[in-house]
Every structure is written in C-alpha cells, then in structure tokens.
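Scroll down for the structure; my scribbles are underneath it.
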Amino acid sequence: MRTTCPYCGVGCQVEPEIQGGRILRVLAPDIPPNHGALCVKGRFGLDFPFSGKRLLYPMVREDRRQAFRRVSWNEALDYTASKLLAVLKKRGPEAIAVFPSAKTTNEEVYLTQKLARALLSTNHVDHCSRLCHSSSTVALSRSLGGASMTNPIEDIWKTDLFLVVGSNTTETHPVIGAMIKKRVRQGAGLIVVDPRYTGMAEAATLWLRIRPGTDLFLLNAMARYILEEGLWDQGYVEERTEGFAEWQASLEPYTLEEAERITGVEKEKIALAARLYATTKRAGAYWAMGVTQHTKGTATAQALVNLALLTGKVGKEGAGLNPLRGQNNVQGAGDMGALPDVLPGYLKVSDQAARKRFEALWGVELNPKPGLRMTEVFERIPEVEAIYLIGEDPVTSEPYQDHLKAKLEALPFLVVQDILENETTSFAHVVLPAASFLEKDGTFTNTDRRVQRIRKLLDPPGEARPDWWIVQELGKRLAQALGRPWALYPGPEAIWEEVRRAIPEMMGGITYRRLESEGVRWPCPHEDHPGEAVLFRERFNTPSGKARFFPVHFTPPAETPSEEYPFTLSTGRVLFHWHGGTLSRNSQLKEAYPELKVEVNPKDAQKLGIGDGEIIQVVSRRGRIRARAWVTDRTPEGVVYAPFHFAEAPANRLTTDALDPFSRIPEYKVAAVRLEKLD
Ligand code: SF4
C-alpha cells in the first residue's frame, strides 16, 4: 500500500512491502513528486519502526531521581492532565509550552495546537522549523505575504538557471538534487553558493566558494551590480513592488570589490552570477540552512527575496523563491498553526477577526498575545514550568547542549511523546509511546505544499498509540476539568474535515477521497480546484497586493575565529542520516554510516599533523567532542564541518546559542573551534 516517506520534505511516495515483522523492499510508484525515484533513506531507512528502542508503554516518575514506572494509559493521561492543570492554576498559561512535531501528521499538529490554545490558553506553541526555516518564514511573510516555496517541484523541468544558496541538496533533499542535476545535464545553468564542495558544487556551472556566513554580502553585491548595469526588471518593480527606493539606497556599501574582500569570491565571478541570474528569464532560487541558520538568517533570506523581486522572478513558471523544507511535515506543521504567533492558515493570533473564526469553531475564547518561540521557551525555564514535547529531541538538535541540559534539569514538568527513546526522554517525567508513520493514517504536506496521505500498514507495537489519539484523550481530561468544549473525533479524516472548515481558502477543496490517487497542493479553495502550482501570479498576499523590499545589512557572525579557537565550525547533515538521528540511526542506515566524521581540509590537517581517519577532539568555548577526522578538500581551509546526527558525539555541544533577532534561529553554521590531537 502507498504511503509517504517520513524523512525529508520532498515527500516521496513509497510502497513498503512488509512481511514477518520486517520490510522486504520499498518500491516507488510513478506519481508526483518523485515519479519512482527514491534516495537511500526512502529505499533502506524505513525500518526504524521495528527498532528494539521503540517506546512500548506509558511511563511516569514523579522525580527525575526515580526510575520510570510502567503505568496504564489512564494513569499516564490522568497524571499528565493533573500536573498541567496545577501549573495552569498556579502560574497561568504563560508557564506552559506545547511543541507539536513536524514528524507527525497535519491532523495531529492541528489537534495539538488546538489543545494548547483552546484548553491551556497558551500560545507558547512552536516546532522544529524554529531551527531550520524560521528566518525564511519571516522574510517571505513580510515581503510576499506567504511562507512556502512559490513554485512546484516539477518546475525544475522548466527552469533554465538554478541559483542554489546554502543547500546541500544532493544529501538533504536527494530526489530534488537529482532532478536539478538532470536538468543541468539537459543544458540548464547551476550557480551554487556554498563554502563546501558539495554534490551540488560538483554539478555547478558556476561555483562561488564563499567564506561561511558571508552570503548576505554577496547577494547584496549582486543586486547592486544588476542595478548598475541596468539588468533589473523595471516594469515588474514598478508594477508589483514597493519600498524600492529606500532599499536601493541601502545597497551603496555593497561594491564588487568589497564583496570580494568579505566573501573571498573573485569579483568577476560575482558579476557573472549576477548577470546570469538577472538575464535568464526562467531562473529559480533555492536555499536551505546555509542561508537561514545564522544570526543574520532573516536578513540573508531577505537579500534573496530582494534579488528575486529586483529581477522579476516571483509569480512566474520555472523561477520563484524556493526554500527547501527539511522535515517530512514541516510545511504542514506551520500550515496547521504550530507557531507562537499564528493560528492554522497563518492567521495572526493578535488579529481579532482571525481569533473570532476559531473561537466560533472551538467554542472558547482565545488568548490574543503571541507566545514565545521554542528557543525562548527553553531560556525561560523555570519560569516556564511545564513542556509537552512531541516527536523532538532538543538535547541533540538545540545548540549549546550543556546549557540546554541544565535548563531541562531545572524544568519542573516535562512530557515527552515519541516513538523511540532519545536523549531527551531521560529528562522526562512522563513518557507517552506514539505510533510511527507505518501505524496510522493521516496527511503530510511536502516542501512544495502538496498534501499527501500516509496510510496505516501495521498495528503499533505494545501499547503505543497514534499521536492524535493521545492528544485527544489528554484533551478530554483537560476539557472535563476546565469545563470547556472538546470535540471527539473517530479518526484522522474527521479531524481533517475540521481543518477544511477552519481554513477553507487554503484547504477547503482537499478531501481524503481526492488524495487517494495523488497529493493536492494548497491553496485549493474548492473541490473542483486543481491546487495552485505557482503562487503570486497576479498579486501578492499583502494588504496592498504588492511585494515589499526590505533593506538588510551585513554583520559578522556572533563568534569568529581567534588565536585560541582558530577554526570555523559549520554543522549540517549527511545523505545517510536525518536530523538528530532518532529515526535513521535506528534503521539499517546505521551500518552504512556508523559514526561521526568531521571534515578537515588537507592543509589544516597537515599543519596539525592530523591523519585521515585519526580520532581527534573538536573543542569550542562550550564543550568538546571526539570524532574521526575525514581529511578532505570538500571543506575549505580554516573550516571544519560536523554533521549533528550523533548523540554520542553531539556537534551541538559545540555550537553557539546566539540567535537571529527576528526569527530567534540559532547560528548553527558558524562557531569558533580548535582541533586537538589525542595523546
Ligand atoms: Fe524520503 Fe526525501 Fe529521500 Fe524522498 S528524497 S526518499 S522524501 S528522504
């Protein structure tokens, strides 16, 4: 039976063949978005539901010094409800945070944020997009009035030039990476902006090897050059944008000469990239964490938006602004309102009309004050007294791990709901075992806004239950105690029907029946609507209908190399693993890539006497880890690259918790470190 890959945002359709408690093989049907293609994760990494580390029973402990006790579902849910209600009564909604998961379904995220808002009255609701594309969300929302890919994946076949900035696409969105490479073999151009020699850089027709954290300067310099050379789309700017004059004036410092000095890229190459992007009609911009995970992540995403508007690239086929979303349902989690400032459909919690819509639907009065973002919630512990965390492992994925662990130690009440044991479960008071993607029904929304079904192929093991069931049962107890309404649903389709009613302009036309054959993209306001492929063809989703330029300026990273810490650490992912590794490292992919390898440039390795494969220590101001050195010129001199999937050698023990001021995303891409040989 067909379902959706649970790893990256490409949302590949898969057909796992299961027999005798294991997956025999995984096939892929010839339908969008992947048309039969799969990467190694989809092909060989779907067996984590059979891991021996599955959480099988609800567990409770009153105190972290105690061992967990296995309890019944009734006892676990009664206890959780009573603790949350006690915090609510004593400290109010400001003391409670609820984190839905981008790994769970749309229906589950919708229900979780509903529980937070309608029952606990808190807007401290957030999810892992805070750590990946929150900066893109801020930039796209304020400029265009919408935060998603503007163009569909299949537009790759209509694109004549790709501008790929800070995206290791071949490893993190492999099927999209393969499509782009194929289109390049057909004759399209590929400009790659990246410090590392990634698979995309290898395929590039023009590779700009910038210094880490200098993308913004490069993008502003490209815009200035395009203006100087008269290569911009004046008609588009006049007709469809506002704020141009002020933004144009802000570009004064961004000369090619200065850009060469700051970024390390020859000015002729920057000029060529600018000329190619401006003069190719069907040129699409794609980006990922290399842009967003900086203290100036929002500003850098904004610089890309400004560049696309200047050259008239938004609202057209084969072009657009395309942030590649990370987790399987991170687009859906945002759509369903798993954010502190918006309800489902990106309707602002501070907007009275938006609140009224949901108050009528849910039968409660809603809190108008935007909540704290995930990174801020952790900082506010123990003022925040209770966290209900679903499907995340912040101990592995948040920056400056030791600091976060100290915060979690001080948290009076933590509920962890997950399918597998991870680093964060050891800090929990209550552990609720959830069903995996193979064990439940629902929908995920992929990176290009395509809502797709997942289907139940197996029963959950032990007493594990689907997340929607757990949230619903907890909500039932909270609602009874608070005297508030709380609808009970027979299954995910009934929850989806409420989503359709809640945000009809976005999801009204998407039914489970339509999703039987293949996914449907939002916005899809009615059942005869095919789903919108290219956004903003006629107008932007702003009050004026025009897109807005915002001036943004370059600032150095929060931490730069010093005598004591002479290298720049950049973190990221590898093809074989996914995020904190909870899923992929409990699959057979573990054998293919068993341990952390840290990339070190050969010149640096030679200076320090480090051999390829040698175990070294990587040390920052915040901690140290042991790792195997991979001596390779994929990484430039002075830069060290470490994937963050390995809990036993956590790269995030080293990273800084410096945050972008607008999105509050951490600066995972730049930290100062030194390398030490072991005695
Ligand atoms: Fe799964 Fe992404 Fe690989 Fe497709 S590209 S198989 S969605 S991990």
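If we sort 297-303, 227-233, 320-326 on the protection proxy, mean other Cβ atoms within 10 Å, highest first, what's the order? Don't skip to the end; give the middle numbers.
Values: 297-303: 30.1, 227-233: 14.7, 320-326: 27.6.
Listed from highest to lowest mean packing, they are 297-303, 320-326, 227-233.
Calculated FRET efficiency, E463 and R537, Cβ-Cβ r, R0 51 Å, to nearest 0.05?
Values: r = 50 Å, r/R0 = 0.98.
The pair E463/R537 has a calculated efficiency of 0.55.
How far is it, in nm, from the label point at H526 to the one at H403 when both lie 7 Å from their Cα along the line to the Cβ?
My value for the distance between the label points is 5.3 nm.
Taking amide H positions as placed 1.01 Å from N in the peptide plane, with prolines and chain starts having none, which residues 5 or more places from S663, or on another chain, fall under 5 Å of its amide H?
T298
What percentage of the solvent-accessible surface of the range 216-316, computed with a 1.4 Å probe over protein heavy atoms, is contributed by carbon and sulfur atoms?
Of the solvent-accessible surface of the range 216-316, carbon and sulfur hold 48 percent.
With helices defined as uninterrupted DSSP H runs, which ones in the chain have an alpha carbon span along their own long axis of at least 24 Å and mean Kyte-Doolittle hydropathy of at least -1.0?
Those that pass (Cα extent of 24 Å or more, hydropathy at least -1.0) are 73-91.
Could you state the principal axis extents of the C-alpha atoms in the chain, from the largest down, to the nearest angstrom?
68, 66, 50
For the range 125-193, which whole percent of the accessible surface, found with a 1.4 angstrom probe, sits on carbon and sulfur atoms?
Within the range 125-193, the accessible surface is 52 percent carbon and sulfur.
P(r) tail for the range 53-151, what percent of Cα pairs lie past 21 Å? Intermediate values should be presented prior to the final figure.
Working: 2624 of 4851 pairs.
Within the range 53-151, distances greater than 21 Å cover 54 percent of Cα pairs.
With every protein chain present, what is the per residue accessible area of the range 489-613 (1.4 Å probe, Å²)?
46 Å²
So if R0 is 25 Å, what FRET efficiency would E268 and E202 give, r being the distance between their Cβ atoms, rounded to the nearest 0.05?
Efficiency, from the Cβ-Cβ distance: 0.70.
Relative contact order of the range 412-464, please, whole-number percent, based on alpha carbon pairs below 8 angstrom and at least 6 residues apart.
Once divided by the residue count of the range 412-464, the mean separation gives 30 percent.
Which shape class, rounded, prolate or oblate, goes with the range 119-247 when its Cα gyration tensor gives a ≥ b ≥ c as root eigenvalues, a/c under 1.5 marks rounded, and past that a/b bigger than b/c marks prolate?
oblate
Give me the dipole magnitude in Debye, nearest 20, for the chain about the Cα centre, with unit charges on the beta carbon: positive for Lys and Arg, negative for Asp and Glu.
Using Cβ point charges on Lys, Arg, Asp and Glu, the chain gives about 700 debye.
Efficiency by 1/(1 + (r/R0)^6): what FRET value for K89 and E383, r their Cβ-Cβ distance, R0 = 25 Å, to the nearest 0.05?
Efficiency computed from Cβ-Cβ geometry: 0.95.
Between the range 149-168 and the range 577-610, how many Å separate their Cα centres?
The distance from the Cα centre of the range 149-168 to that of the range 577-610 comes to 28 Å.
Can you tell me the dipole magnitude for the range 176-244 around its Cα centre, using point charges on the Cβ only (Lys, Arg +1; Asp, Glu -1), in Debye to the nearest 20?
On the way: 9 positive and 9 negative charges, 128 e Å.
With Lys and Arg at +1 and Asp and Glu at -1, about 620 debye.
If you restrict to DSSP beta bridges whose two residues both lie in the range 559-671, what percentage is antiparallel, to the nearest 5?
Roughly 55 percent of the DSSP beta bridges within the range 559-671 come out antiparallel.
Relative contact order of the range 183-254: what whole-number percent is it, with Cα pairs under 8 angstrom and at least 6 residues apart?
It rounds to 24 percent for the range 183-254.
What are the ³J(HN,Hα) couplings of the range 40-54, residue after residue, when phi is run through the Karplus curve with 6.51, -1.76, 1.60 and θ = phi - 60°? Round to Hz, x for glycine and proline.
In residue order, the calculated couplings are 4, 5, x, 6, 10, x, 8, 8, 4, x, 9, 5, x, 8, 4 Hz.
What accessible area per residue comes out for the range 293-429, rounded to a whole number of Å², with a 1.4 Å probe? Don't jump to the answer; show the numbers that get you there.
Values: 3470 Å² over 137 residues.
Per-residue value: 25 Å².
What is the distance in Å between the Cα centres of the range 263-283 and the range 43-120?
Taking the Cα centre of the range 43-120 as reference, the centre of the range 263-283 is 49 Å away.
Got a number for the accessible area of L256? Probe 1.4 Å, square angstrom, nearest 10.
Spelled out: L256, probe radius 1.4 Å, area about 30 Å².
At what distance in nm do the modelled label points of E493 and R455 sit from each other, each positioned 7 Å from its Cα along Cα→Cβ?
1.3 nm
Helix-derived [θ] at 222 nm for the chain: sum -39500 (n - 2.57) over DSSP H runs of at least 4, divide by residue count, nearest 500?
Details: 25 runs with 214 residues, N = 679.
For the chain, the value works out to -8500 deg cm²/dmol.
So how do E518, E392, E266 rank on accessible area, 1.4 Å probe, biggest first, that is with the largest at the start?
Values: E518 65, E392 15, E266 90 Å².
Listed by decreasing accessible area, they come as E266, E518, E392.
Lone cysteines in the chain, going by a 4.7 Å Cβ-Cβ cut-off?
When partners are defined as cysteine Cβ atoms under 4.7 Å apart, the chain leaves C8, C39, C128, C132, C524 without one.
Of the accessible area of the range 1-67, with the probe set at 1.4 angstrom, what percent is carbon plus sulfur?
Answer for the range 1-67 is 51 percent, counting heavy atoms of protein chains only.
Explain nothing, just compute: Karplus ³J(HN,Hα) = 6.51 cos²θ - 1.76 cosθ + 1.60, θ = phi - 60°, for every residue of the range 650-656 in order, whole Hz, x for Gly and Pro.
With the stated coefficients, the range 650-656 comes to x, 4, 7, 6, 9, 6, 8 Hz.
Let me know the whole percent of all Cα-Cα pairs from the range 615-679 that are separated by more than 20 Å.
Everything past 20 Å amounts to 28 percent.
How much of the DSSP beta bridge set in the chain is antiparallel, as a percent to the nearest 5?
50 percent
Relative contact order for the range 255-388 using alpha-carbon pairs under 8 Å, separation at least 6, rounded to a whole percent? Show your work: numbers first, answer last.
Numbers: 108 pairs, mean separation 19.3, N = 134.
Computed over the range 255-388, the figure is 14 percent.
Roughly what percent of Cα-Cα pairs across the range 270-388 reach past 23 Å?
52 percent
Roll a 1.4 Å probe over the protein heavy atoms and report the accessible area of D78 in Å², nearest 10.
Rounded to the nearest 10, the figure is 80 Å².
In Å³ and rounded to a whole number, note down the convex hull volume per residue for the Cα atoms of the range 416-526.
136 Å³
The values are calculated or read from the model by the stated rules, or taken from the named source; none is laboratory data. Computed from a predicted model, the values in this text were never measured in an experiment. FYI the Cβ positions are ideal-geometry reconstructions off the backbone, even for glycines, and counts take in every protein chain you see. When the accessible area is computed, the model is the full protein with side chains, heavy atoms only, and any ligands, DNA or RNA have been set aside. Shrake-Rupley method; radii C 1.70, N 1.55, O 1.52, S 1.80 Å.
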